[in-house]
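Reviewing the structure listed below.
Quick note: the coordinates plus some simple rules give every number you see, no bench work behind them. Not measured: the values here are computed from a predicted model. So basically every Cβ, Gly included, is an ideal-geometry build from the backbone, and we count neighbours across all protein chains shown.
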Amino acid sequence: MRSPQAIAADPAVNAFVMANAGSGKTTTLVNRVARLLLAGSAPGAILCLTFTKAAAAEMQRRLYERLGDWAVAGDARLRDQLAALEERAADSFDAHDLSRARALFRPGAGTPGGLKIQTIHAFCEQLLRRFPVEAEVSPLFRVIDEAEAADIRRRARDRVALADDIPGLATAYLHMAGKLSQPDFEAMFDRFEAKRAELTDYVAQDGGAATLQDRVAASVGLDAWIEPEAAERAAVTARASTQRPG
Ligand SMILES: Nc1ncnc2c1ncn2[C@@H]1O[C@H](COP(=O)(O)OP(=O)(O)OP(=O)(O)O)[C@@H](O)[C@H]1O
Ligand SMILES: [Mg+2]
C-alpha cells in the first residue's frame, strides 16, 4: 500500500496535508518538488511558500542536499533513490533518466534556476513591487518592521491627542481616554487601524463627518442628533410635567 507521504508527494494529485511536528511534512514537500523537477517541470514554474524564513531556508537546504547527492551518486545508488521516490522499479530508469536527474543540480546556484522557495511575506512583497498600480500602492513603497510600525502608531496617537486642526478631535480623545481602560483604549485604536479603509469610506459617504452625527442618530431611531445631557434634561422635564398634579 502507498504511504500517505508518497501519495502527497505525487505531483499528479493536489494534496492538503496536516500533520504533527516532526512527522515528515518538509520531507514530503522536498520529495514533491524533486518529483516535479524529475518530471520535467520548469523550475521557474515552481513556487514554494513557507511561513518562516527558517522553514524556507530548511526546505531549500534539503532540496539542494538531495540534488547534490544525486549529482555524485553512482548509477546503482541513484536508481535506488529515484525508484523509492517515484515508487517505480529501479531498472525502469535508463541512462538518460539518470543523467537528467544529475543535471538538476546547479553548483553554486542552490536550487535549479528560477525555482522559488520563499516566505509568504517575501512573495507578497515581490507581487506588490511588480504590480504597484494594480495594487494601488506607491512603486517606491518600503516594508517597515514591527518596531517602526509601533513608533508610527504612537506618534499618530500623540498627534490626535494634540490635534487643533480638526475641531473636537482632541476633546474626543480625552473623552475616550477617560471612558476606557488603557488596554481598551489601545484596542480601540487598533480596531480603527484594522478597519481604516471601511471607516474612511463610512465617514466619506454622504457629506463626510458633517452628517456623521445625524447618521449615527438615525441608526438608533432618533430624528436628529441630540447631546446626552439635553436628552437627559428633556426626559426629566417631561416626567416632571406629567407628574405635576393637574
Ligand atoms: N518516511 C520517512 N521515513 C523515515 N524518516 C523520515 C520519513 N519522513 C521523514 N523522516 C525524517 O523525520 C525527520 C522529520 O522530518 P521532517 O523534517 O520532514 O518533518 P516535519 O513534519 O517537516 O517537521 P517539523 O514539524 O519540525 O517541520 C527528518 O529527520 C526526516 O528525515
Ligand atoms: Mg518541517
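Brief remarks follow.
- Placing +1 on each Lys and Arg Cβ and -1 on each Asp and Glu Cβ, with no other charges, gives the stretch 91-201 a dipole about its Cα centre of roughly 240 debye.
- Mean-position separation - Cα centroids, the stretch 1-74 and the stretch 180-236, in angstrom: 52 Å
- Annotation: the residues 7, 46, sorted from fewest to most other C-beta atoms within 10 Å of their own C-beta, follow the order 7, 46.
- Subtracting the Cα-Cα distance of residue 75 and residue 209 from their residue separation scaled by 0.36 nm leaves 40.7 nm.
- Cα-centred dipole magnitude for the chain, charges only on beta-carbon of K, R (+1) and D, E (-1), debye, nearest 20: 680 debye
- For residue 50, residues with placed amide H under 5 Å, excluding near neighbours: 118, 119, 120
- Going from the residue with the fewest nearby Cβ atoms within 10 Å to the one with the most, 62, 159 rank 159, 62.
- A Förster radius of 22 Å, combined with the Cβ-Cβ distance separating residue 159 from residue 187, puts the computed FRET efficiency at roughly 0.70.
- Ranked packing of 67-79, 206-218, most packed first, by mean Cβ within 10 Å: 67-79, 206-218
- The value of relative contact order for the chain, using C-alpha pairs under 8 Å at least six residues apart, is 14 percent.
- A Cβ-based charge dipole, computed about the Cα centre of the stretch 148-243 with Lys and Arg at +1 and Asp and Glu at -1, lands at about 180 debye.
- Applied to the stretch 46-54, the Karplus parametrisation 6.51 cos²θ - 1.76 cosθ + 1.60 on θ = phi - 60° returns per-residue 3J(HN,Hα) values of 9, 10, 10, 10, 10, 7, 10, 5, 4 Hz, with x for Gly and Pro.
- Residue order, fewest to most beta carbons within 10 Å, for 236, 203: 236, 203
- Charge context of residue 51, other residues only, Cβ under 14 angstrom, K/R +1, D/E -1: +1
- Positive-pole candidate from 218, 156, 78, dipole of the chain, charges at beta carbon: 78
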